[in-house]
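The values are calculated or read from the model by the stated rules, or taken from the named source; none is laboratory data. Fair warning: this is a prediction, and the values are worked out from it, not measured in the lab. Please note: Cβ atoms are built from the backbone with ideal geometry, for glycine as well, and neighbour counts cover all protein chains shown.
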Amino acid sequence: MGDEDLGLSGGSGSIQATTDDIRGYAGQIDDAGDDLTDAATQLAGLLISGDLAQAIVLAPVEVARLEGDLTAASVSPSGPGATALRMEVSARLWRLAAEGYDLVDATQQVAADLIDAGIDVLAFVAGPELLAGALLVAAAKNPDLVAALASGDKDAILAELNETAFEEPWLQELLTRTAGGTVQGLAFRLEALVPFVPPGTLTLLTGGSWPSLDYEDQVAGIIALGNLFGAFEDSGEFEVAPSGDEPIGLDGRLTEDHFLEDLLTLQGRVSDVDQRVGVIRRYDDAGNVVGYIVQIPGTQAWGPVRGDNPVDLTSNLLLEAGQSTQTQALVMEALRQAMAADGYTPGQDGLPPVMVGGHSQGGITAAAIASNPDYQEDFNITSVYTAGSPIARFDLPEDVSVLSLEYEEDVVPKLDARDNPSRSHWLTVTDSLGDEGVPPDVGAAHTDYYDDLGADLDASSAEELERWRRENSVFFGSAENGGDGGADSTYYEIVPK
């Protein structure tokens with residue numbers, strides 16, 4: 001796969017990166033102009049210098065010639081004074097250009113918000129009809145789906161819907177973008193149909209969250225309705241303890257030439273076993289820890305009622321509603337224990353930088369952690385990676401480097417109903433499995449192929465990825481030196497108290 005097949009958004013190719021570069025260029029011009037202004041002032045000072053007045057008595061011809069040269073240099077269009085003025089004007093024009101780019105960026109965001117609101121209103125009013133029309137269009141392109149629907153065979157229908165969703169990513173986009181409005185619209189239709197239920201009951205039952213055009217309120221309404229039946233409660237008490245396994249040596253792994261492939265392969269191992277978090281230590285040649293990578297698992301329990309595993313559906317919904325979860329605190333406790341074993345205390349000066357990331361819910365949790373100012377400051381979180389995670393609505397700080405990996409056929413990154421923002425610190429890479437010859441399975445698109453995408457990105461020379469590598473080089477080992485001081489991974493288990 002070549003770089004031309006990758007969809008790269010944000011990073012060094014974003015409008016924000018362009019404006020940052022323009023402002024940096026304007027600052028350099030301004031500084032150079034200030035230097036020239038100082039030079040012009042010094043030249044003017046020479047013309048009225050007392051030393052020059054005294055010298056004219058001893059060498060009148062030479063001094064007159066010098067005064068002529070100084071005057072010409074001072075008033076010349078190419079002299080330092082005139083050049084400094086032109087540079088000042090140029091710097092201001094460049095800054096105006098940057099403000100123009102900012103205005104374009106802000107206008108695009110406002111337009112996107114208005115479009116989102118319009119979609120929600122349309123879905124609220126006619127969501128089921130809209131989705132039925134979309135399914136008819138998709139069915140017209142897939143005769144096997146029509147045959148399955150006609151047969152009434154549930155398994156065949158699910159299989160064909162799965163294949164259709166894989167082959168028609170626009171259908172996934174439509175479903176996720178209209179879900180909030182559609183669910184609310186259907187709920188309020190039902191409220192109106194139920195006898196003796198006064199208007200406003202649903203608003204009361206959702207704690208005032210519905211109706212709303214705000215995504216987090218829409219999810220909060222679902223949580224509130226579930227709470228009425230004991231569902232979606234962040235209940236239970238849990239603790240973190242190191243696994244009984246010895247740390248896994250990673251010598252020769254996570255080097256600059258195959259960092260992402262190794263990272264995502266190790267991520268899969270974290271997710272394969274329930275209720276554990278991986279903490280990777282990167283060492284220098286002297287054996288000192290120079291960086292931590294925290295790997296968080298994806299959703300492992302899908303029941304609506306909390307059991308013994310907090311990495312569950314409840315945590316998914318709470319995270320997407322912008323609420324804190326126990327999983328965030330438990331992940332940070334695992335990191336705190338790892339740091340304590342190395343002699344570090346959260347909040348102290350000189351903490352090694354930390355990368356947090358994960359697949360699916362793991363990436364959402366990582367984004368929530370990095371968006372928390374206390375966590376970011378106390379633990380020196382500098383980087384986030386996600387694979388198949390809906391994190392577009394998190395306000396990730398600009399001093400945190402973000403890499404988001406998504407497949408077009410994976411529905412999960414679309415669940416927040418918004419594209420990731422195009423920001424200089426946030427690079428989103430989108431690829432398609434459609435030409436890879438893989439089975440058309442939406443579930444597999446979410447779980448089975450992200451390490452392959454990591455390998456493709458390791459081989460890429462795209463400037464956006466090169467910049468990401470430079471920003472995160474502390475977490476890489478040198479391929480030539482066998483990984484420098486090496487790395488290892490320790491697992492921490494999340495268990496009920």
Checklist entry - Restricting the search to the range 268-315, which residues are charged (D, E, K, R) and within 25 Å of residue 343 (Cβ to Cβ)? => result 276, 281, 282, 284, 285
Item to check | Residue, surrounded by the most Cβ atoms within 10 Å (Cβ to Cβ), within the range 346-371, restricted to residues that are free of Cβ contacts under 8 Å to residues at least 12 places away in the same chain and not acidic (Asp, Glu) | outcome: 348
Checklist entry - Does the range 319-333 hold any residues that are in contact with a helix residue (DSSP H, G or I) (Cβ under 7 Å, 6 or more places away or on another chain) and part of a helix (DSSP H, G or I), and which are they? => result 319, 320, 327, 328, 331, 332
Item to check | Count - residues of the range 272-297 that are surrounded by fewer than 23 Cβ atoms within 10 Å (Cβ to Cβ) and either closer than 18 Å to residue 454 by Cα or of a type in the set (Ser, Thr, Tyr) (or both) | outcome: 1
Item to check | helices (runs of 4 or more DSSP H) lying entirely in the range 334-448 (those with 1 or more residues that are at pLDDT 95 or above and out of contact with any Lys or Arg (no Cβ under 7 Å at 6 or more places or on another chain)) | outcome: 361-370, 373-379
Item to check | Qualifying residue in the range 212-225 (condition: under 30 Å from residue 287 (Cα atoms) and out of contact with any His (no Cβ under 7 Å at 6 or more places or on another chain)) | outcome: no
Checklist entry - From the set of residues in the range 384-395 that are touching a Phe, Trp or Tyr at 6+ places or on another chain (Cβ under 8 Å) and crowded, with 24+ Cβ neighbours inside 10 Å, which is farthest from residue 216 (Cα to Cα)? => result 387
Item to check | Restricting the range 145-166 to residues that are touching a helix residue (DSSP H, G or I) at 6+ places or on another chain (Cβ under 8 Å) and acidic (Asp, Glu), the residue that is nearest to residue 433 (Cα to Cα) | outcome: 163
Checklist entry - Quick one: would you say residue 192 is surrounded by fewer than 14 Cβ atoms within 10 Å (Cβ to Cβ), small (Gly, Ala, Ser) and either over 19 Å from residue 222 (Cβ atoms) or within 38 Å of the chain's Cα centre (by Cα) (or both)? => result yes
Next on the checklist: Given the criteria among the β-branched types (Val, Ile, Thr), farther than 20 Å from residue 271 by Cβ and in contact with a helix residue (DSSP H, G or I) (Cβ under 9 Å, 6 or more places away or on another chain), does residue 428 qualify?
Outcome noted: yes
Checklist entry - Residues of the range 211-240 being surrounded by fewer than 20 Cβ atoms within 10 Å (Cβ to Cβ) and either on the phi > 0 side of the Ramachandran plot or among the basic types (Lys, Arg) (or both), which ones? => result 230, 236
Checklist entry - Does residue 490 satisfy being within 18 Å of residue 355 (Cβ to Cβ), in the same structural domain as residue 264 (by TED's automatic domain parsing) and among the polar types (S, T, N, Q)? => result yes
Next on the checklist: Can you report the number of residues in the range 425-465 which are more than 14 Å from residue 261 (Cα to Cα), in contact with a His (Cβ under 9 Å, 6 or more places away or on another chain) and of a type in the set (Ser, Thr, Tyr)?
Outcome noted: 1
